[in-house]
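The values are calculated or read from the model by the stated rules, or taken from the named source; none is laboratory data. Treat the numbers as computed from the prediction; the structure is a model and nothing was measured. Quick reminder, even Gly has a Cβ in these numbers, built from the backbone with ideal geometry, and neighbours come from all protein chains shown. Please note that ligands, DNA and RNA were not included when accessible areas were found on the heavy atoms of the full protein model with its side chains. Shrake-Rupley method; radii C 1.70, N 1.55, O 1.52, S 1.80 Å.
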Amino acid sequence: MFRKNEILTLDITEVNNLGCGVGKKDGVVAFVKGAVSGDRVEAKVIKVAKSFVVCRLEKLLVASPYRADKALCDAPLSCGGCVHRHIAYAHELDMKRRYVEGAFRKAGLADVMVDEVRTTGVYCGYRNKAQYPFGKIGGRTVVGFYAEKTHKVIPCTDCALQPALFGEICRFVCSFADAHAWSVYDEETGRGLLRHLYLREGKNTGEVMVCLVVNGDRLPDESEFSNALMTRFVCVKTLMLNKNTKNTNVVLGRDYRTLAGEGYIEDILCGKRFRIAPAAFYQVNHDGAELLYGIAAEKAALTQGETLLDLYCGIGTIGLSLADKDTRVVGVEIVEDAVVCARENAGRNGMENTEFFCGDAGDAESLVNEALKKCGDPKRTTVVVDPPRKGLDASLIRYLAEKQMKKIVYVSCDPDTLARDCAMFRTLGYEIGNVTPVDMFPKTGHVESVVGLTRRDI
């Protein structure tokens, strides 16, 4: 085994989804952040584990043809955000397709066809949501991102993945905080006020939400801050305060208070207008979401008179985007504010044949008692699911199969849990259609996927 600080010459053969180049030396696997498949590098060993070593890139001896001409941004590699910043975009898409293929192969589904990765082609400034931790450096208030695997704030207001406007708002808030001597939260002492700055933007409306997460009940100079912010940025339509006084890594607390505006913003997605509350889920890549939902609609292939059961429905974006005014939509969502938004969004878009329930979509019993009673004939019901990274609960998969739901459209943000769940659906009588990856998060290690599942006996 190698020793710490030893210099290794490595040929990089692949890149993992954390952005680390992977090579081998004398049978030992080495991970090198910032290295690309096809690179030959000199790397210094910085960590020695039982079966691998972690290295720091010291010198690029031979550059890979897959290396980008210029890195996407100048933030230090420890930022941990755009981990594929140094990789040519075409190769990144190929890597992501192979990542999805690998997940299905490991799940025993090597025969499932994985399409080419679909993309809008835009990989800068696409995010409509950001959460920046506050910090103090040299006595000045800063926002930025945590260094990877730490809570050390790296100052950064101009992230390549965020719109330029977010950086301007960040600098304004920090300047106001310094001018009014606002304190910054210290995790070790539990003291200080400012914890996070949370921003959301409606891309097609231009409306912006600003939310300050604080260790307390209020801000000093609330009225002055509200007036100054909304005068400087006329696009800011609502200013919120989120209370988080717990010693926790969770960014947002449960309590919100509106300081200015209506407490929500709106956006237009897939031709429909949506109201977005601060706690509600909304895809962070607007144009990517339109691409994703269009693919889901193709796989759903809804016909007149069908019911769409939308599990993990959020504010109703998927269900309402896939359906027309004649389609019955039944949605289930655990966040109460999101359910309220979903109902309002249905009415706002003339979708009267809808019902939305507050409950855990992963709990099959809640579906028995609430949503499925409204769906009618399972053979005339299509289910769309968009679960968190952990995927679907096995009891829910069994329940949907027992009810003989004719078609399930699965939208996933994690290829491994998607493949695991598809394997279970297959054993319960479902055919697995082509998997279509969608690059919702360019320059990161994440990839979204959509797949249609159809019962064999229908």
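Observations on the structure shown:
- Sorting Ser175, Ser37 on solvent-accessible area from highest to lowest, probe radius 1.4 Å, gives Ser175, Ser37.
- Measuring spread by the Cα atoms of region 145-194 yields a radius of gyration and Dmax of 12.7, 34 Å.
- Averaging 1/r across all pairs of distinct Cα atoms in the chain and inverting the result yields a Kirkwood radius of 23.9 Å.
- Magnitude of the charge dipole, the chain, Cβ model with Lys/Arg +1 and Asp/Glu -1, debye to 20: 1080 debye
- Each Lys or Arg adds one and each Asp or Glu takes one away; over the other residues whose Cβ falls under 9 Å from the Cβ of Tyr123, this sums to -1.
- Backbone geometry of region 278-283 corresponds, through the Karplus equation with coefficients 6.51, -1.76 and 1.60 at θ = phi - 60°, to 3J(HN,Hα) couplings of x, 8, 7, 6, 8, 3 Hz, x marking Gly and Pro.
- Of every Cα-Cα pair in region 1-152, the percent that sits beyond 28 Å: 32 percent
- Accessible area in square angstrom per residue, region 69-150, 1.4 angstrom probe: 50 Å²
- With every protein chain in place, region 253-338: carbon and sulfur % of accessible area (1.4 Å): 44 percent
- Entries of Lys129/Lys152; Lys373/Lys403; Lys33/Lys59; Lys25/Lys47; Lys4/Lys25 with Cα pairs more than 18 Å apart: Lys129/Lys152
- Two-site FRET efficiency, Asp94 against Lys4, from Cβ-Cβ distance with R₀ of 35 Å, rounded to 0.05: 0.55
- Cut-off 15 Å (backbone N to label point 7 Å along Cα→Cβ of Ala301), residues of region 437-458: 451-458
- For region 359-403, the per residue solvent-accessible surface stands at 46 Å², with DNA, RNA and ligands left out and a 1.4 Å probe.
- 11 Å beta-carbon shell around Gly376, net charge (K/R +1, D/E -1): +3
- Here r is the Cβ-Cβ distance between Glu188 and Asp360 and R0 is 51 Å; the resulting FRET efficiency, rounded to 0.05, is 0.90.
- Shape call, region 89-207: gyration tensor on alpha carbons, a/c limit 1.5: prolate
- Among 384-391, 186-193, the peptide with the highest mean count of other Cβ atoms within 10 Å heads the list, and the full ranking is 384-391, 186-193.
- Carbon plus sulfur fraction of accessible area for region 93-184, probe 1.4 Å, in percent: 52 percent
- The residues packed around Ala63, meaning those with a beta-carbon under 9 Å from its beta-carbon, carry a net charge of +1 if Lys and Arg are +1 and Asp and Glu are -1.
- Length-normalised contact order for region 1-118 - Cα pairs under 8 Å, 6+ apart - percent: 19 percent
- Ellipsoid equivalent to region 295-375 - semi-axes via the Cα gyration tensor, in Å: 18, 15, 11
- Whole-percent pair-distance distribution, where bins are 10 Å wide, for the alpha carbons of region 348-440: 14, 47, 32, 7, 0
- For region 206-272, applying the loop criterion from DSSP together with a ceiling of 16 other beta carbons within 10 Å to the GluC sites (Glu not before Pro) yields Glu262.
- Prolate/oblate/rounded call for region 13-90, Cα gyration tensor, a/c under 1.5 rounded: prolate
- Applying 1/(1 + (r/R0)^6) with r as the Cβ-Cβ distance of Lys149 and Asp377 and R0 = 35 angstrom yields a FRET efficiency of 0.10.
- Expressed as a whole percent, the accessible surface of region 394-448 that belongs to carbon and sulfur atoms is 49, based on a 1.4 Å probe.
- DSSP-defined beta bridges in the chain - what % are antiparallel, rounded to 5: 65 percent
- Between region 274-297 and region 141-158, the Cα center-to-center distance that results, in Å: 27 Å
- Region 395-458: trypsin sites (Lys or Arg not before Pro) in DSSP coil with no more than 10 other Cβ atoms inside 10 Å: Arg456
- Volume per residue of the convex hull around the Cα atoms, evaluated for region 161-261, comes out as 109 Å³.
- Distance from the alpha carbon centroid of region 327-368 to that of region 1-40 works out to 48 angstrom.
- Average projection area in nm² (convex hull over Cα atoms of region 387-455, one quarter of hull surface): 4.2 nm²
- Shown here for region 1-107: trypsin sites (Lys or Arg not before Pro) in loop regions (DSSP other than H, G, I, E, B) with at most 12 other Cβ atoms within 10 Å, namely Arg3, Lys4, Lys50, Lys70.
- Straight-line cross-link partners of Lys379 among the aspartates and glutamates, defined as a Cα under 13 Å from its Cα and at least 8 positions apart when in the same chain: Glu306, Glu402, Asp457.
- Stretchable slack from Asp115 to Gln131, in nm (0.36 nm times residue separation minus alpha-carbon distance): 2.5 nm
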